[in-house]
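Chemist: Dropping the structure in here first, questions after.
The values are calculated or read from the model by the stated rules, or taken from the named source; none is laboratory data. Fair warning: this is a prediction, and the values are worked out from it, not measured in the lab. Cβ atoms come from the backbone with ideal geometry, glycine included; neighbour counts cover every protein chain shown.
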Amino acid sequence: MVRSSKPGKQRLEYFNAPLHRRHKYFNARLSDELVKQLGIKRLPVRKGDVVRIMRGDWAGHEGKVVRVDYEKIAIYVEGVTLKRADGTPVYYPIHPSKVMIIKLDLSDKMRKKIIERRRGRVPPPEEVKEAKEEKEVKEEVSKGEEEGVKSGSTSTEGGKEEGGSE
């Protein structure tokens, strides 16, 4: 991303980055429960996610993400508002790195694919247990079928041959 060690050049590249590169800046931590459930640590914040603000004046506040602004590199959270001079509420911009995602909006199929891709080959612990249980059940069923096939194979084949000759 940044090639220079000079802070001024880093800021310049950060604030002048094209929109497709700004998506990377929206990665936020997942809560411990989501990490255990999904097997990944971070995901980009999206509209509809429920987040907890971890830093700043609004630290500890939880709310739904109302808007994501890629131009300003900011998200707007329900309930995090200031009042204008005329009394109208205005959302306060929060940087995505300063929040933690508590609940995901999984209505988008592409987001599910992103989670699967980021998870890689290591499934979360819950799925490993389920997969082991399924294997054990399948092995028991297949053993039962094999025994049934061995003991009943001659009688079924003999029945077929008799039926075919008539």
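Chemist: Could you tell me which residue of segment 1-18 is nearest to TYR70 (Cα to Cα), considering only residues that are at pLDDT below 90 and exposed (fewer than 10 other Cβ atoms within 10 Å of the Cβ)?
Modeler: Here the answer is MET1.
Chemist: Right, next: Looking at segment 63-81, I want the residues that are hydroxyl-bearing (Ser, Thr, Tyr) and have a partner that is outside any strand (DSSP E or B) with Cβ atoms under 6 Å, at least 6 apart or on another chain. Which pairs are those?
Modeler: Partner pairs satisfying both residue conditions: TYR70/LEU19; TYR70/ARG22.
Chemist: Which members of segment 42-62 meet the condition of being over 14 Å from SER31 (Cα atoms) and touching a residue at least 60 places away in the same chain (Cβ under 8 Å)?
Modeler: The one that is over 14 Å from SER31 (Cα atoms) and touching a residue at least 60 places away in the same chain (Cβ under 8 Å): ARG46.
For every residue, the table says whether it meets (1) under 23 Å from ARG21 (Cα atoms); (2) at pLDDT below 95.
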residue	(1), (2)
VAL50	no, no
ILE53	no, no
LYS64	no, no
LYS98	yes, no
ILE102	no, no
SER107	no, yes
MET110	yes, yes
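Chemist: Taking the condition in contact with a Gly (Cβ under 6 Å, 6 or more places away or on another chain) and among the acidic types (Asp, Glu), does ASP86 pass?
Modeler: Values: in contact with a Gly (Cβ under 6 Å, 6 or more places away or on another chain): no; among the acidic types (Asp, Glu): yes.
Taking the combined requirement at face value, the residue does not satisfy it.
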